[in-house]
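Heads up: the structure comes next, in structure tokens.
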Amino acid sequence: MLKDQTIDLAKPLVEEHFRQAAPFWESIYDSSDVYGIIHQKRRELVFSFAERVCLPRCSKALDVGCGAGSISVGLAELGFSVNAIDPVPEMVNLTSRAASQSRLSAAITPQTGDIDRLPFAAESFDIVLAIGVLPWLKSYDDALNEVRRVLKPGGFFIANIDNSLALHRLLDPGMNVLLQPVKSALLRMLGVFGLHKPKRRVPATTVFPARFERALRTCGFEPKNRAMYGFGPISVFGHHLLSTKSGIDVHHRLQQLCERGVPIVRSLGAQYLVAAQKI
């Protein structure tokens, strides 16, 4: 029960974060910095995975957390009939505008909605995408169960998670998951002496890729395709260590090594994308 209350309290913070950041997410796929290039790589992989499942034209797709609409529009361009949902009305409006500007509005139906309570009947969709959604959840259980419910038998789910062992997190003591026990103990000690007051932070979740795949299998999905991607931005306590150009060069070189399956590097990408089939 306590866990559920924590999740409920976190959701308004996440929604307010995306409400305020709507212009940022509208421009992210046109950005030329490291963060933008990583998101462009993610979109490229998402569409590649969506094509590889070889669904018939006009198959029904659900884009959960549609944001500014870039993924929804791309799916419509691939021939899908798309329902697009987001809990933040400002994001739904951006998706509607993107659909109109692309002249694909007839193929895209935007509306408000939450992944934990999808407003659709069981077995409604051939494919469900949750891109940039799971990292903002404190628990995946309800979300995965809802996705499975609305997928048709044999349908596909494409989603990404933030990798706990991402290189940029390991290099930054403020984000390094391996140092979390030490940081937690230190904060508790400071709290005892009144030297630390917890701040209301927008919650974000990282997970080990193998653990995510186990969660998918437990919920009735079988992973079929996966990809690790994204190296950077490299920072220490939030301060970037590389220029934009150097950061991009580092990302591209490490991404090439990752795609060649070089040990260690192949496990250190910022995000992990999986296409799984409902079984």
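Students often check this: by mean Cβ neighbours within 10 Å, which of 115-123, 67-75 ranks highest, and how do the rest follow? If you can, show how the numbers build up before the last one.
Working: 115-123: 14.7, 67-75: 25.9.
My ranking of the peptides, most packed first, is 67-75, 115-123.
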Name the residues of segment 85-101 whose amide N is less than 13 Å from a point 7 angstrom out from the Cα of Thr109 along the C-beta direction?
-> 85
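Please compute the Kirkwood hydrodynamic radius over the chain, one decimal place, Å, based on all pairs of different Cα atoms. Don't skip to the end; give the middle numbers.
Working: mean 1/r = 0.0508 Å⁻¹.
Kirkwood radius, the chain: 19.7 Å.
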Could you give the spread of the C-alpha atoms of segment 129-183 along their three principal axes, from largest to smallest, in whole angstroms?
-> 44, 18, 14
For a footprinting-style exposure proxy, rank Asp141, Asp162, Asp63 by other Cβ within 10 Å, fewest first.
-> Asp141, Asp162, Asp63
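Among Cys219, Cys58, Cys258, Cys66, what is the fewest-to-most ranking by other Cβ atoms within 10 Å?
Details: Cys219 17, Cys58 11, Cys258 21, Cys66 33.
Ordered from fewest to most neighbouring Cβ atoms within 10 Å, Cys219, Cys58, Cys258, Cys66 come out as Cys58, Cys219, Cys258, Cys66.
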Dividing the convex hull volume of the Cα atoms of segment 57-151 by its residue count, what figure in Å³ per residue is obtained?
-> 77
Expressed in nanometres to one decimal, the distance between label points 7 Å along Cα→Cβ at Ser124 and Lys224 is 2.2
What is the dipole size for segment 2-278, taken about its Cα centre, with +1 at each Lys and Arg Cβ and -1 at each Asp and Glu Cβ, in debye to the nearest 20?
-> 640
Taking neighbour Cβ counts within 10 Å as the exposure measure, how do Met228, Met91 sort from fewest upward?
-> Met228, Met91
The chain, relative contact order in percent, only Cα pairs under 8 angstrom and at least six apart counted | 20
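Against the empirical 2.2 N^0.38 Å scaling, what ratio does the C-alpha Rg of segment 1-108 come to? Let's see the in-between values first.
On the way: Rg = 15.2 Å, N = 108, 2.2 N^0.38 = 13.0 Å.
Normalised by 2.2 N^0.38 Å, the Cα Rg of segment 1-108 equals 1.17.
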One would report the antiparallel percent of DSSP beta bridges in the chain, rounded to the nearest 5, as 45
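For an R0 of 35 angstrom, estimate the FRET efficiency from the Cβ-Cβ distance between Leu242 and Phe47 and round to the nearest 0.05. The partial results should precede the final answer.
Numbers: r = 29 Å, r/R0 = 0.82.
Computed FRET efficiency for Leu242 and Phe47: 0.75.
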How many lysine pairs in segment 2-278, separated by 8 or more positions in sequence or lying on different chains, have Cα atoms less than 24 Å apart?
-> 22
Considering only Val92, Ser70, Ile248, whose Cα is most displaced toward the positive end of the charge dipole of the chain, charges sitting on Cβ of Lys, Arg (+1) and Asp, Glu (-1)?
-> Ile248
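Throughout, read-outs are computed from the coordinates displayed, never taken from laboratory work. All values reported here derive from a predicted model rather than from experimental measurement. Positions of Cβ are backbone-derived with ideal geometry, glycine not excepted, and every protein chain shown enters the neighbour counts.
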